[in-house]
Amino acid sequence: MNVTELLSFTPETPGSSKRKQNEDNNTRLHNKKAKMQITDSTDPSNLEAEGEALDDASVKRMIFKFEKKTSRNQELRIKFPDNPEKFVESEVELNEVIQEMHVLATVPDYYSIMIDLNTIQTLLHLLNHDNTDISIAVVDLLQELTEVDTLNDNEDAAEGLIDALLEGQITALLIQNMERLDESVKEEADGVHNSLGIIENVIEFRPESSRDLAAQGLLKWLLQRIKLKAPFDSNKLYASEILAILLQDNDNTRSLLGDIDGIDVLLQQLNSYKKRDPDSSEEFECMENLFNSLCSSLMYTPNKERFMKGEGLQLMNLLLREKKQSRNSAIKVLDYAMTGPEGAELCQKFVDILGLRTIFPLFMKTPKVNKKGLTGGQLEEHIVSILSSIVKVGSSTQKQRVLNKFVENDHEKVERLLELHFKYLEKVRNCDKQIEREKRSLTADDVTDEKDDEFYMRRLDAGLFVLQLLDYVMIDISATGPSTIKSKIMRILNMRGESVKAVKGVMREYVSNIGETADEKFREKEQNKILGYLDQFQK
């Protein structure tokens, strides 16, 4: 029987269970003793002081020693499955050599030796070791070996290591190990934390692997860990971070999230912040990760329907009313949910659930920012974006309710709309002046399409994006609302020495860039509608 066969073999004993951590109380006792017997001599920092300098030969000897200790331990466990006294010493020795191997994490040049000698596969097999002390020791080692700073020191060696880990199904093995760990025990909770660290390292070094990792059970495990009914801890925070990373720019993972009811899990977790604030900065960060995960998931259109069926709109509306720390992120979620033609039904539903009573006060006065989270400018952008989506509602009854908001209280919302228009118009003009100064120093060869795109993106970031949304709302309500709205707008423009010319320029530029990623039919329809509103606005 070779090493691989020994490692994959699990003896069948009466009363054995799937979650066989340490077999019985005697084994637990002996494992505790084993931990106590491991001395500072196993610290990798002492390796050279006690032995030889690290080179190819010494690394190979270390690896052969590891393979020998692994094989010996498995042989004894198979031979004496019910007598821990017979194999506990071999477990201590195996743990010691695993500790010694930490020194390899400081010299990634030797990773290739580990790969050539199939050491990575042996380590992965040990993740299923019956003694979780051994599996946790392996996790600690793998976490150090995959530290991104270390990987970046030798990318060729790092690529080989990551390939070996992924080929060995490391994600599935880590999940199996984490499922049997008891996080009420500090060492095992640390094992879960370091397991997530390995996953984060792999994703950071090879972002394209995230889709496969999610599909191998990681996404499901993260959701289960996040909804676990237990006091908040660092592992829940870490799980929320990994979830947010997985959902970035990946429709396949977003689709999978929806398929396994992940939208409902996120909503259920966020519901707990309806009446209370997070108890710590770490819990606040976890809450923000959950909100960000929800926003990412809503960029996949089918999840918008799941969000609506799960009464996500109602929850976000309640979060806005309660004025807790969750309010600002709820604004962001509403923006993601209601943006675009796919959000039209959600916009109508938002009006139906009396969301106008909640969003317009925020439009009139931007809410205070949290110490962490969205800035005032970001909040203002999301609120204006929500408003620009709402004014597009198709139902005549709902549209009238939106227009009535701009008329009530002597058109105070129109005044606020123009106040923001002038604010962002000034921002854009200042940016344009800066760009013009830069253009004067450019040669003809420097002025390329890429450079023009760069300037346009700078203008959008400087405030043009928000200005376009504001002016869209302006010409929409002028064309579809009572004449008093347009009269109020013109009066304020004249008082400020402005004319419709600035609005016209902003909207024509908007029309020329709108819907570049949308289908041609939608693009043409939207352009014609805006140009029609603009014609009426200029009359």
**Fill in**
Taking segment 374-404 and keeping residues open to solvent by 20 Å² or more (accessible area, probe 1.4 Å), without any contact (Cβ under 8 Å) to a residue 60 or more places away in the chain, under 36 Å from the mean Cα position of the chain (by Cα) and more than 28 Å from ALA462 (Cβ to Cβ) leaves GLY394, SER395
**Failed item in (1) among the aliphatic types (A, V, I, L, M); (2) at pLDDT 95 or above; (3) assigned to a helix (DSSP H, G or I), with ALA344 passing the rest** = (2)
**Item:** In segment 68-95, residue least open to solvent (accessible area, probe 1.4 Å) [restricted to those that are within 22 Å of ASP56 (Cβ to Cβ) and of a type in the set (D, E, K, R)]
**Value:** LYS69
**Message:** Based on this model, can you work out whether THR480 counts as surrounded by fewer than 22 Cβ atoms within 10 Å (Cβ to Cβ), β-branched (Val, Ile, Thr) and either within 30 Å of GLU408 (Cα to Cα) or touching a His at 6+ places or on another chain (Cβ under 7 Å) (or both)?
**Reply:** yes
**Request:** Restricting attention to segment 101-130, report how many residues are touching a Lys or Arg at 6+ places or on another chain (Cβ under 8 Å) and part of a helix (DSSP H, G or I).
**Result:** 1
**Message:** Let me confirm something: among LEU315, LEU270, which residue is closer than 19 Å to LEU243 by Cβ, touching a Phe, Trp or Tyr at 6+ places or on another chain (Cβ under 9 Å) and buried (at least 18 other Cβ atoms within 10 Å of the Cβ)?
**Reply:** LEU270
**Asked** Picking from LEU222, LEU237, LEU290, LEU218, which residue would you name as being out of contact with any Pro (no Cβ under 9 Å at 6 or more places or on another chain), open to solvent by less than 70 Å² (accessible area, probe 1.4 Å) and closer than 15 Å to ASN303 by Cβ?
**Response** LEU290
**Complete:** Apart from one, (1) loosely packed, with under 15 Cβ neighbours inside 10 Å; (2) under 24 Å from VAL192 (Cβ atoms) all hold for ARG276; the odd one out is (2)
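Within segment 429-450, is even one residue β-branched (Val, Ile, Thr) and closer than 22 Å to ILE383 by Cβ?
Of the residues in segment 429-450, the ones β-branched (Val, Ile, Thr) are 435, 443, 447-448.
Checking the rest, the ones that are also closer than 22 Å to ILE383 by Cβ come to none.
No.
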**Item:** Of all residues in segment 497-534 being under 22 Å from HIS411 (Cα atoms) and either out of contact with any Leu (no Cβ under 9 Å at 6 or more places or on another chain) or exposed (fewer than 13 other Cβ atoms within 10 Å of the Cβ) (or both), the one that is modelled with the lowest pLDDT
**Value:** SER499
**Prompt:** For the subset of segment 421-474 comprising residues that are within 31 Å of the chain's Cα centre (by Cα) and aromatic (Phe, Trp, Tyr), which member is farthest from LEU493 (Cα to Cα)?
**Reply:** PHE455
**Message:** I'd like the full set of residues that are touching a residue at least 60 places away in the same chain (Cβ under 8 Å) and out of contact with any Ser or Thr (no Cβ under 9 Å at 6 or more places or on another chain), limited to segment 507-538.
**Reply:** ALA518, PHE522
**Request:** Return yes when LEU151 is of a type in the set (A, V, I, L, M), touching a His at 6+ places or on another chain (Cβ under 8 Å) and either part of a helix (DSSP H, G or I) or open to solvent by less than 10 Å² (accessible area, probe 1.4 Å) (or both) and no when it is not.
**Result:** no
**Message:** Restricting to segment 164-187, count the residues that are assigned to a helix (DSSP H, G or I) and either out of contact with any helix residue (DSSP H, G or I) (no Cβ under 8 Å at 6 or more places or on another chain) or of a type in the set (Gly, Ala, Ser) (or both).
**Reply:** 5
**Prompt:** Looking at segment 113-130, is at least one residue within 28 Å of the chain's Cα centre (by Cα) and either buried (at least 22 other Cβ atoms within 10 Å of the Cβ) or within 27 Å of GLY217 (Cα to Cα) (or both)?
**Reply:** yes
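The values are calculated or read from the model by the stated rules, or taken from the named source; none is laboratory data. Quantities reported herein were computed from a predicted structural model and do not represent experimental measurements. For neighbour counting, all protein chains shown are included, and Cβ atoms are generated from backbone atoms with ideal geometry for every residue, glycine included. For accessibility, only protein heavy atoms count, side chains too; no ligands or nucleic acids. Shrake-Rupley method; radii C 1.70, N 1.55, O 1.52, S 1.80 Å.
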